[in-house]
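Presented below is the structure to which this report refers.
The values are calculated or read from the model by the stated rules, or taken from the named source; none is laboratory data. Just so it is clear, the structure is predicted and the values come from calculations on it, not from any experiment. Here the Cβ positions follow ideal geometry from the backbone for every residue, glycine too, while neighbour counts run over all protein chains shown. Please note that ligands, DNA and RNA were not included when accessible areas were found on the heavy atoms of the full protein model with its side chains. Shrake-Rupley method; radii C 1.70, N 1.55, O 1.52, S 1.80 Å.
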Amino acid sequence: MFTKSNVALAATATGLCAIGVLLTSCQASSTGTSSAGSPASGAATSTTAVSGQGATSGGATATGPASGSGASATSGSGDNSSNSGGAGSCTSSQLKATTSYDAAQNSGGTLIAFLVLTNTSTSTCTLDGYSGVDFLNPSGSSLGMSTQRVPGSNAAPEKVQTVAPGKSASEEITFAYAANDQGDGCENAGTISVIPPNQTQSLHTQLTSVKTGTIPFFGVCGNTITVFPIVPADQIPN
């Protein structure tokens with residue numbers, strides 16, 4: 001026989017049960033939303049890039065004194081193996097860095113040079129984005145250069161360069177210089193330090209003229225190196 005008190009107790013119990021079910025449902029819904037909304041792991045990162053950008057192979061370091069540019073050691077656009085037939089990013093150990101410039105292409109006090117990265121390995125690899133670049137004085141100390149990246153354009157689009165063994169890709173760099181003079185805010189540099197895209201190990205090279213050969217040291221004015229995207233090596237002056 002039901003009494004008023006029994007009915008009240010039953011109603012209370014039913015209400016508590018319903019509240020418990022609702023709370024459980026809310027928790028499950030909240031957990032599901034959190035899981036579905038969480039970002040995917042393993043996303044590729046880039047530069048930096050530049051690559052900020054520094055150098056050390058005897059050359060470029062992405063951070064610290066050797067780079068002075070604040071460029072990331074993993075500058076560039078990440079591993080683009082899916083766009084290059086399965087080839088991965090070129091490692092520093094696979095590459096040799098050289099430079100080439102023609103004084104006839106210089107503009108006023110700006111020197112225009114090409115950084116050349118040659119695949120010395122037996123495997124095809126890719127280069128994408130920007131290298132980290134810095135200058136070292138004749139004693140091997142960094143000049144603390146900063147790197148300014150120029151966005152890709154129709155003339156020099158930013159895209160993955162597939163580099164077969166023995167082949168090269170190039171990258172234009174510009175900076176204010178004063179021939180082989182030092183003074184008026186200029187300093188002497190003897191080595192160019194380079195960190196390839198998506199790498200941390202630097203390479204070293206020297207400035208080389210297509211007409212007069214290797215330049216033992218050159219005057220650098222200011223503290224900025226302008227870096228363009230990596231392009232096919234057929235744009236290198238010779």
### Message
With the requirement that a residue be surrounded by fewer than 22 Cβ atoms within 10 Å (Cβ to Cβ) and more than 21 Å from Ser89 (Cβ to Cβ), what does the range 112-137 give you?
### Response
Ile112, Asn137
### Summary
Filter the range 201-223 for residues that are in contact with a strand residue (DSSP E or B) (Cβ under 8 Å, 6 or more places away or on another chain) and open to solvent by 50 Å² or more (accessible area, probe 1.4 Å); the one that is farthest from Cys125 (Cα to Cα) is Gly222
### Query
Within the range 162-199, how many residues are polar (S, T, N, Q), modelled with pLDDT of 95 or more and more than 18 Å from Pro229 (Cα to Cα)?
1
### Task
Quick one: in the range 110-132, of everything that is of a type outside the set (Phe, Trp, Tyr) and in contact with a Phe, Trp or Tyr (Cβ under 9 Å, 6 or more places away or on another chain), which residue is nearest to Ser193 (Cα to Cα)?
Ala113
